[in-house]
Structures are given as structure tokens and as C-alpha cells.
1. Taking the condition of being assigned to a helix (DSSP H, G or I), away from the ligand (no atom under 13 Å from the Cβ) and open to solvent by less than 10 Å² (accessible area, probe 1.4 Å), how many residues in segment 246-277 meet it?
2. Scanning for something touching a strand residue (DSSP E or B) at 6+ places or on another chain (Cβ under 7 Å) and more than 30 Å from Lys103 (Cβ to Cβ), does segment 188-199 turn up at least one residue?
3. What is the one condition in (1) within 26 Å of Leu358 (Cβ to Cβ); (2) within 16 Å of the ligand (Cβ to nearest atom) that Val202 does not satisfy?
4. Tell me yes or no: at least one residue of segment 278-292 is within 15 Å of the ligand (Cβ to nearest atom), assigned by TED's automatic domain parsing to the domain that holds Leu235, in contact (Cβ under 8 Å) with a residue 24 or more places away in the chain and among the hydrophobic types (A, V, I, L, M, F, W, C).
5. Check every one of the strands (runs of 3 or more DSSP E) wholly within segment 1-97 and list those with 2 or more residues that are in contact with a Gly (Cβ under 8 Å, 6 or more places away or on another chain).
6. Kindly indicate the residue of segment 86-130 that is among the acidic types (Asp, Glu) and within 15 Å of the ligand (Cβ to nearest atom) and also nearest to the chain's Cα centre (by Cα) among those meeting that condition.
7. Within segment 131-152, which residues are more than 12 Å from the ligand (Cβ to nearest atom) and either out of contact with any His (no Cβ under 7 Å at 6 or more places or on another chain) or on the phi > 0 side of the Ramachandran plot (or both)?
8. Cβ-Cβ below 7 Å, separation at least six or inter-chain, first residue in segment 105-127 and on the phi < 0 side of the Ramachandran plot, second within 16 Å of the ligand (Cβ to nearest atom) and acidic (Asp, Glu): which pairs?
Amino acid sequence: MSTSTDLKARKAAAVPNGVGTKGIYVAKAENSELWDVDGRRYVDFAAGIAVLNTGHRHPKIMAAVAEQALAFTHTCFHVVSYESYVRLAERLNALAPGDFAKKTLFLNSGAEAVENAIKIARYHTKRSAVVAFSGGFHGRTHMTMGLTGKVMPYKRGFGPFPAEVYHAEFPQPYHGVTTEQALADIDRLFHADVDPKSVAAVIIEPVQGEGGFNVAPFEFLRALRRLCDEHGIVLIADEVQTGIARTGKMFSIDHAGVVPDLITLAKGLGGGFPLSAVTGRATIMDAAHPGGLGGTYGGNPISIAAAHAVLDVIESEDLCGRAGRVGQRMRSHLEALAKQLPCIGDVRGLGAMVAFELVKDAKTKEPDADLTASILAHAEQRGLILLSCGTSANVVRLLAPLTIPDAVLEEGLTILSAAVRDAYGRESTRAVA
Ligand code: PLP
């Protein structure tokens with residue numbers, strides 16, 4: 001088999017530059033660990049970007065996929081339908097918040113789910129404008145790029161973006177943006193830029209993922225619900241990263257007790273197989289005419305079989321409870337580290353979606369993207385896979401599988417501390433020299 005060095009060179013020659021990679025080439029993976037083609041073992045705190053809530057190759061998911069592969073693998077639901085699609089829709093409709101009739105549509109990626117949620121909201125309201133938030137991330141297709149509130153690496157050079165998308169401030173207490181200020185910004189938007197009666201949807205991640213694991217204050221989400229009700233706007237919770245037990249509840253918006261009209265799901269839903277969904281109020285979901293929604297692969301039978309097993313595993317292994325415990329352990333570890341190292345300005349998150357922000361100065365909170373990149377590199381050298389996030393690329397996020405054994409979690413946290421100390425030590429020495 002080729003080595004990582006060979007593969008990096010072949011990738012550079014064969015795959016476009018825009019497809020960014022870390023340079024780790026996997027040979028095999030199990031639960032929260034993986035081994036690369038050179039035989040190096042890693043603890044995985046990235047989980048394929050919040051996809052593997054149920055870990056790599058969960059035996060029950062593998063068995064469900066194998067069984068489905070023996071029966072049929074693709075017919076296209078629009079051409080020849082299958083019961084498992086309908087049953088998964090029924091399960092998500094029952095799980096999603098809201099005491100009203102719901103319906104679910106399946107697609108392939110998170111971006112596709114968001115695209116469809118916007119299409120549905122526009123059709124239902126017969127309005128065109130959409131309000132999204134600064135720092136938000138919704139995908140890499142044209143509409144979702146337009147909705148995204150983070151320029152690098154997602155928007156630079158790819159415009160023009162779709163019209164009728166407006167960005168409001170996302171509340172960020174650590175950076176001095178209070179709930180009141182964020183609500184005042186929406187008020188400004190509605191007076192200066194767009195008539196609320198022209199707004200089809202407000203889309204929000206209850207916890208911003210790529211934007212830096214900023215948790216929307218619950219009172220802000222409740223105020224958004226009231227605003228949407230007042231103006232007849234569809235409230236969309238983008239739970240692509242936060243959904244499916246990651247934050248300690250099936251949907252992160254459940255923490256706020258807010259019922260959105262539509263929810264977008266992907267990542268954790270398919271347990272490693274491509275699947276996304278829009279779940280929401282039947283009256284809104286039913287607006288579009290037959291043939292207006294869907295696609296060739298949406299709700300592929302293999303991915304649907306995996307998703308049934310994912311939901312079973314979440315229930316039988318109490319992964320919501322486990323997310324709370326994993327997240328608590330990560331937070332207490334990071335909070336102790338932050339007391340010793342002033343470069344850690346903030347520790348935040350919800351459930352097992354935990355992050356820390358790196359700053360050059362605790363008072364000015366000037367972002368330290370170089371230190372963040374260096375922490376990731378040191379962690380990787382020591383055998384831990386980490387991801388960064390944040391509009392200034394100065395946040396490290398921890399997204400371990402919820403099934404991670406305690407011993408592997410502790411190992412990962414120990415490597416993480418060492419990596420932060422290595423990187424910070426090196427940077428402070430450089431600053432003094
Ligand atoms: N929405 C959110 C909140 C996301 O975090 C992501 C991906 O990270 C997307 C949408 C896009 O999902 P995908 O990459 O599957 O298109």
C-alpha cells in the first residue's frame with residue numbers, strides 16, 4: 001500500500017487545490033480510533049466532522065447496511081419506493097419537537113437539506129427573502145454559500161451569491177454581543193434593509209458549528225420564535241452539525257424548548273453514510289407540487305438502513321446521556337487548562353460539542369490563529385485528530401464519537417493538553433526571542 005507521503009504527492013497532482021485535506025490517509029478505523037496507511041494510530045476527536053456520533057463502524061450499523069446491501073441498493077425512491085424510507089420519516093416526525101403533524105424529505109448532504117428547506121419555506125410563504133446570521137455555516141452550494149456568514153474559506157472568489165439573503169448579528173456574549181444587541185440588529189434589518197413581510201425564513205444553527213461553537217442563548221431562540229410568529233416567517237433550525245444526540249438531546253433546539261417549523265439534519269443521521277433530511281410542519285412541507293422536491297439518490301436505501309440503526313443505537317446506548325457526560329468531562333479538563341494558560345480565552349459548547357478559543361491577550365481577545373494551527377499540528381504529531389473553527393480560525397473544537405470509551409477519551413484529553421502546552425510554549429519562546 002502507498003505511504004502517506006506518496007499519497008500526498010498523488011493527491012496534489014490529481015485532486016484540485018480547493019479540496020483541502022489534513023494529509024492523513026486512513027487504512028482502518030474503529031469506534032474512536034483510526035490507523036493510517038503508515039500504521040500510525042490516532043484518537044479521533046473529529047468524527048468525520050460530527051458525523052460519527054455512533055463511532056466508526058458501529059457493529060449494529062454495519063450489520064444493517066450489510067443486510068440492506070443483500071436486498072437492494074438503489075431504485076430511486078421516486079421510481080420504485082421502499083418502506084424503510086417511509087418508516088424513517090415516521091420516526092423523525094415523531095422525534096422532532098412540535099405537537100403537530102410533521103413530514104420528512106430525505107436528501108444526500110447537509111447543503112442539500114438547507115437548499116430544500118429554503119425552497120419549501122419560499123413556496124409556502126410565497127416570499128423570497130431569507131435572514132441568516134453572521135458566523136453561520138450552511139454549506140458550499142450557491143444558496144448555502146450565500147446563507148453562510150463566514151468568508152474564508154467558504155465565500156472568497158465564488159460570488160456572485162443569490163439575492164435576497166440578509167445577515168444579522170449572532171449573539172456572542174464572549175465578544176460582547178448580547179441577546180438584546182442581536183435582537184436590535186434584526187430590528188435594524190427589518191427597518192433598513194428588508195420588510196419582514198417579505199421574509200420567507202429565518203435560518204439559524206442553535207449552536208454555530210464552523211462559526212466557532214457559539215451557543216445561541218435560549219432567550220434569543222425564544223425571541224426569534226416570537227418574531228417569526230408575528231411576521232408569518234418560517235423558522236428553520238439548521239441541526240446538520242448539532243442534531244442526532246450530539247448536544248445531549250436529539251435536537252439541540254430542544255434545550256431552549258423552542259419548536260422550529262423546519263429542521264435540517266445530516267451528518268450524525270446516516271452514521272457515516274450520506275443522508276440528510278428536512279423535517280417539519282406538514283402544512284409547510286406539503287406546499288410544493290409533486291416532482292418539485294427530491295433527487296436521484298435522496299434517501300438511498302443503504303443510508304436509510306444505517307439511519308434506522310443509528311436511531312436504535314442512540315436509544316439502546318443512551319447516547320444523549322453519554323453526550324452530556326463526555327461534554328462535561330471535556331469542559332472540566334479544558335477549564336482546568338484555561339486556568340493555567342492565558343492563551344485559552346473561552347471554553348464553551350453544549351453537550352459533546354465543546355470548543356476553546358485561543359487569544360493573544362485575554363483582555364483584547366485578539367484571535368490567535370497561528371497558535372490554533374500549531375495546536376492542531378502538535379496534536380496530530382502526538383496521535384490526536386482535531387479540527388479548528390471560528391470566523392478567525394482561532395477555535396479548537398472537540399467532536400469525539402459519543403461512543404468513545406472513557407480510557408480513549410482520557411488519552412485524547414491528555415494529548416490535547418500536551419499539544420496546547422507544546423504549541424503555546426513554542427509561541428511564547430518565539431515572542432520573547
Ligand atoms: N449546515 C451546517 C450547520 C453544517 O455544519 C454543515 C456542514 O458542516 C452544512 C450545513 C453542510 O453540510 P454538508 O457538508 O453535508 O453539505
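1. 1
2. To start, the set of residues in segment 188-199 that are touching a strand residue (DSSP E or B) at 6+ places or on another chain (Cβ under 7 Å) comprises 189, 193-194, 198-199.
From what is left, the residues that are more than 30 Å from Lys103 (Cβ to Cβ) are 189, 193.
Yes, because at least one residue in segment 188-199 is touching a strand residue (DSSP E or B) at 6+ places or on another chain (Cβ under 7 Å) and more than 30 Å from Lys103 (Cβ to Cβ).
3. Among (1) within 26 Å of Leu358 (Cβ to Cβ); (2) within 16 Å of the ligand (Cβ to nearest atom), Val202 violates only (1).
4. Within segment 278-292, one or more residues are within 15 Å of the ligand (Cβ to nearest atom), assigned by TED's automatic domain parsing to the domain that holds Leu235, in contact (Cβ under 8 Å) with a residue 24 or more places away in the chain and among the hydrophobic types (A, V, I, L, M, F, W, C).
5. Numbers: elements: 26-30, 33-36, 41-44.
Here the list reads 26-30, 41-44.
6. The first filter runs over segment 86-130 and keeps only residues among the acidic types (Asp, Glu), leaving 90, 99, 112, 115.
The next check asks that each one be within 15 Å of the ligand (Cβ to nearest atom); those that pass are 112, 115.
Working: Glu112: 14, Glu115: 16 Å.
Looking at the filtered set, the residue picked out is Glu112.
7. Initially, segment 131-152 is screened for residues more than 12 Å from the ligand (Cβ to nearest atom), giving 131, 134, 142, 146, 151-152.
Within segment 131-152, Val131, His142, Gly146, Val151, Met152 meet the criteria.
8. Going by the 7 Å Cβ cut-off, the qualifying pairs are Val114/Asp238.
The values are calculated or read from the model by the stated rules, or taken from the named source; none is laboratory data. Owing to the predicted nature of the structure, the values given are computational and were not obtained by experimental measurement. Cβ atoms come from the backbone with ideal geometry, glycine included; neighbour counts cover every protein chain shown. Keep in mind that these areas ignore ligands, DNA and RNA; they rest on the heavy atoms of the full protein, side chains included. Shrake-Rupley method; radii C 1.70, N 1.55, O 1.52, S 1.80 Å.
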